[in-house]
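Colleague: Can you keep this structure in mind? I'll have questions shortly.
The values are calculated or read from the model by the stated rules, or taken from the named source; none is laboratory data. It should be emphasised that the depicted structure is a prediction, and the values quoted were computed from it without experimental measurement. With ideal geometry, Cβ positions are generated from the backbone for all residues, glycine too; neighbour counts draw on all protein chains shown.
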Amino acid sequence: MNGTPDTVEVVGFMDLAGLFRARGWTSPHRLPLAGPIDGFELLVRLDVSFDAVESLFVNHKAIGLADAVIRPGDRVALVPPGVPGPHRFCLGIWRRPSGS
Amino acid sequence: MHKIYRVNMTDLSVKVEPVPAEWAGLGGRALTSTIVAAEVPPTCHPLGPNNKLVFAPGLLSGTAASNAGRFSCGAKSPLTGGIKESSAGGTSSRIIARLGIKAIIVEGQPAGDAWYALVVGKDGVEIREETETLGLGTFATVEKINARHGEDFGVITLGPAGEHMMAISNISVKDPESKIRSFGRGGLGAVMGSKRVKLLAIDPTGGAPLALADPAKFKEANRTFTKTLADHPVSGQGLKKYGTAVLVNVINEAGGLPTKNFTTGQCDHHDQISGEQMYDNIVAREGEPSHPCSPACQIQCSQVYNDKDGKYLTSGFEYETIWALGADGMIKDLDVIAEIDNVMDDLGVDSIETPVMFAVAMEAGLLPWGDGARMLQLLREDIAKATPLGRLLGGGTGHVGRAYGLTRIPVVKNQAIPAYDPRPIKGIGVTYATTTMGADHTAGYAIATNILNVGGKVDPLKNDGQVELSRNLQIATAAVDSTGLCLFIAFPALDIPACLGSVVEMLNARYGLALTGDDVVALGKNVLKIEHAFNLAAGLGPETDRLPEFFELESIAPHDAKWDMDQKELATFWNF
């Protein structure tokens, strides 16, 4: 939880960090939120392409876009495709490619 | 005609031997581990005459295959007391493979005080007494050998730490820019130093492109393989732009970034030492964000990092090094971390074992947390010169922790635990505990297709499924380590079916075989079993397949996680 009950705290990694900075957003960026939404809805509200995100961390736990439930007060990190490491599996950062 | 060079340092003789039939289908880790298991008494002293140091290119090294420049080095480890295989990039693997050399075995031990250089060529090895480079760092040694023999020679060398037979020492391999890559882990530099070999100079004269059983099939398979590397977001984009250091922020977010000697899982200054910050610095200072560690490397996860004045500071600036210095040792300045990385490379010490050791030394009060200047001084004045304090530090993480009576000593089989805390990331904890190598994140790096249904479903904070996940990762890694391919091909190999198939096709086209994916998995299993049998005979039984007790006693923020894997469940790892 980020300590502010009417917003969600959002950070972006890799190119998304640059995108947030280019928009003049602070890190973390605070997005007003009144009620629960899923990961796709969060990206719509942030104006971030679905293809630019492979997985999310919600309150430090990795979860897929469709499975995520984001509530006011949460901290969310956007993980783009392209993150290496054995932890991709150990953390659950993996989205099955379309068609596989 | 493939051959094996056997260099006997006891009587300073060399034999050129044919490759035994049972070794013909092996390369890289499969070959080094097979030779060590066959010829090294498991109970021998790692620094004594009965240990052997084995160098072997991979099965695809020397071909036109992308990312096939990896090189294996094996021996009994003076750090773990078990079998060790370490992998490096650089130029030597390709040169040696093209000379038709399957492996170089360095055995025995000379009686006197002299040091030697091994000049390797197409007809054999010449053993020459070496004086000019003694005491020099790895960079100066490479410069001397370039001047002596020519820049096209491969160079494999020790820094001062290897000459002093320290357990933190590694073996360095010249890269395409005449900088160095390393056989980093397990103290293999001490084994080479114990044989009084300062360097190997590899003469490429007479080397030739390798004969292929089916050149057209190989070319087609390599084209497919190369395309999958380019198409995948990890191997084609993420690693190329940000390197492995992109993991700093990601692992910090997961609460698995071991900080201040593993006392918490998040680091307040993570942004200052992140891959994103590193990339911004590199671009602003006109460094190179993408850089190959070996010929034909397409992924190019390495980089050249300059200081504020645009002057070279380091290259091959890896996540694990940045984590160990920046988070575990609390150094906030990325430029200082880069300078320390370069000094460690020059001294020839492992850039995981050494900074993890320093974090333990910080907890012991030997130097202040985050004091990079003092660390540089200890490296240059004590470790490089092997003062009594330098020898204490040069013994590694476990050595220093025990000397100061600490209980938080992050080692498995006496090798330092790397950059992923096993409490919130249970799967990597299983790998640390069970791998034959001692705590090693790369032991479980690659991905086998048969775990597709596991990936993405395992909960990192729970124990369910972790042993099976780690087992499959380790089997696949052992197979990839035997091909000479970079482990990072694992990412497209998971997600793009044509990738793994093209690797098998390249092996078949190279050697005229009819292997299937199952055969490659079987190779990986066999490697692990050979290594495990060696370790059991060396005295590393099931009781050593465990994490340090403090992981069970101390929870880690932000998940308040402890290590709670049942030891009996861990023991099922070897049920295959």
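Colleague: All but one of (1) surrounded by fewer than 22 Cβ atoms within 10 Å (Cβ to Cβ); (2) within 21 Å of B:His232 (Cβ to Cβ); (3) modelled with pLDDT under 85 hold for B:Asp459, so report the exception by its number.
Modeller: (2)
Colleague: Continuing with this model, one more query. Out of all the residues in region B:230-238, is one or more surrounded by fewer than 24 Cβ atoms within 10 Å (Cβ to Cβ), aliphatic (A, V, I, L, M) and either touching a Gly at 6+ places or on another chain (Cβ under 6 Å) or closer than 28 Å to B:Ile96 by Cβ (or both)?
Modeller: yes
Colleague: Within region B:272-285, can you find the residues that are more than 10 Å from every other protein chain (Cβ to nearest Cβ) and under 24 Å from the mean Cα position of the chain (by Cα)?
Modeller: B:Ile273, B:Met278
Colleague: Next question, about the same structure. I want to confirm something. Restricting to region B:410-436 and keeping residues that are modelled with pLDDT under 95, part of a loop (DSSP other than H, G, I, E, B) and of a type in the set (A, V, I, L, M), which single residue is farthest from the chain's Cα centre (by Cα)?
Modeller: The qualifying residue farthest from the chain's Cα centre (by Cα) is B:Ile425.
Colleague: Taking region A:48-79 on its own, how many of its residues are more than 19 Å from B:Leu461 (Cα to Cα), more than 10 Å from chain B (Cβ to nearest Cβ), in contact with a Gly (Cβ under 9 Å, 6 or more places away or on another chain) and in a loop (DSSP other than H, G, I, E, B)?
Modeller: 7
Colleague: Inspect all residues belonging to region B:255-271 and state whether any of them is hydrophobic (A, V, I, L, M, F, W, C) and either more than 14 Å from every other protein chain (Cβ to nearest Cβ) or over 29 Å from B:Ser172 (Cα atoms) (or both).
Modeller: Checking region B:255-271: at least one residue is hydrophobic (A, V, I, L, M, F, W, C) and either more than 14 Å from every other protein chain (Cβ to nearest Cβ) or over 29 Å from B:Ser172 (Cα atoms) (or both).
Colleague: Return only the number of the condition from (1) crowded, with 16+ Cβ neighbours inside 10 Å; (2) in contact with a strand residue (DSSP E or B) (Cβ under 8 Å, 6 or more places away or on another chain) that B:Gly524 does not satisfy.
Modeller: B:Gly524 satisfies every listed condition except (2).
Colleague: Consider B:Ala537 carefully, then state whether it is of a type in the set (A, V, I, L, M, F, W, C), assigned to a helix (DSSP H, G or I), touching a Ser or Thr at 6+ places or on another chain (Cβ under 8 Å) and at pLDDT 95 or above.
Modeller: Answer is yes for this residue.
Colleague: For region B:364-387, which residues satisfy the criterion of being in a helix (DSSP H, G or I), under 19 Å from B:Gly187 (Cβ atoms) and over 22 Å from the mean Cα position of the chain (by Cα)?
Modeller: B:Leu378, B:Asp382
Colleague: OK, next. Would you check if there is a residue in region B:80-91 being among the basic types (Lys, Arg), surrounded by 24 or more Cβ atoms within 10 Å (Cβ to Cβ), over 21 Å from B:Val7 (Cα atoms) and in contact (Cβ under 8 Å) with a residue 24 or more places away in the chain?
Modeller: no
Colleague: Can you run down the residue pairs with Cβ atoms below 6 Å, 6 or more apart or on separate chains, where the first is in region B:396-408 and part of a helix (DSSP H, G or I) and the partner is small (Gly, Ala, Ser)?
Modeller: Sorted first by the residue in region B:396-408, then by its partner, the pairs are B:Thr397/B:Ala416; B:Val400/B:Ala361.
Colleague: Could you please find all residues in region B:214-242 being of a type in the set (D, E, K, R) and within 14 Å of chain A (Cβ to nearest Cβ)?
Modeller: B:Asp231, B:Lys240, B:Lys241
Colleague: Can you name every residue in region B:495-519 that is surrounded by fewer than 21 Cβ atoms within 10 Å (Cβ to Cβ) and not in a loop (DSSP other than H, G, I, E, B)?
Modeller: B:Pro497, B:Ala498, B:Gly501, B:Val504, B:Glu505, B:Asn508, B:Tyr511, B:Gly517, B:Asp518, B:Asp519
Colleague: Identify, from the list B:Thr224, B:Thr228, B:Thr264, the residue that is among the hydroxyl-bearing types (Ser, Thr, Tyr) and assigned by TED's automatic domain parsing to the domain that holds B:Val304.
Modeller: On inspection, the qualifying residue turns out to be B:Thr264.
Colleague: Going by the structure shown, is B:Pro492 buried (at least 24 other Cβ atoms within 10 Å of the Cβ) and part of a helix (DSSP H, G or I)?
Modeller: Judged against the criteria, B:Pro492 is a match.
Colleague: Continuing with the same structure: Pick from B:Val120, B:Val155, B:Val173, B:Val142: which is of a type in the set (A, V, I, L, M, F, W, C), surrounded by 24 or more Cβ atoms within 10 Å (Cβ to Cβ), without any contact (Cβ under 8 Å) to a residue 60 or more places away in the chain and more than 16 Å from B:Glu353 (Cα to Cα)?
Modeller: Step by step, each of B:Val120, B:Val155, B:Val173, B:Val142 is checked, and only B:Val142 is of a type in the set (A, V, I, L, M, F, W, C), surrounded by 24 or more Cβ atoms within 10 Å (Cβ to Cβ), without any contact (Cβ under 8 Å) to a residue 60 or more places away in the chain and more than 16 Å from B:Glu353 (Cα to Cα).
Colleague: Where in region B:261-363 are there helices (runs of 4 or more DSSP H), lying wholly inside it, with at least 1 residues that are in contact with an Asp or Glu (Cβ under 7 Å, 6 or more places away or on another chain), of a type outside the set (Val, Ile, Thr) and farther than 25 Å from B:Ala384 by Cα?
Modeller: Once the helices (runs of 4 or more DSSP H) in region B:261-363 are filtered for at least 1 residues that are in contact with an Asp or Glu (Cβ under 7 Å, 6 or more places away or on another chain), of a type outside the set (Val, Ile, Thr) and farther than 25 Å from B:Ala384 by Cα, what remains is B:275-284.
Colleague: Just to verify a result, which residue in region B:36-49, among those that are assigned to a helix (DSSP H, G or I) and either without any contact (Cβ under 8 Å) to a residue 24 or more places away in the chain or over 19 Å from the mean Cα position of the chain (by Cα) (or both), is farthest from B:Val520 (Cα to Cα)?
Modeller: Here the answer is B:Glu39.
Colleague: Name the single residue, out of those in region B:455-496 being within 9 Å of chain A (Cβ to nearest Cβ) and in contact with a strand residue (DSSP E or B) (Cβ under 8 Å, 6 or more places away or on another chain), that is farthest from B:Pro424 (Cα to Cα).
Modeller: The qualifying residue farthest from B:Pro424 (Cα to Cα) is B:Phe488.
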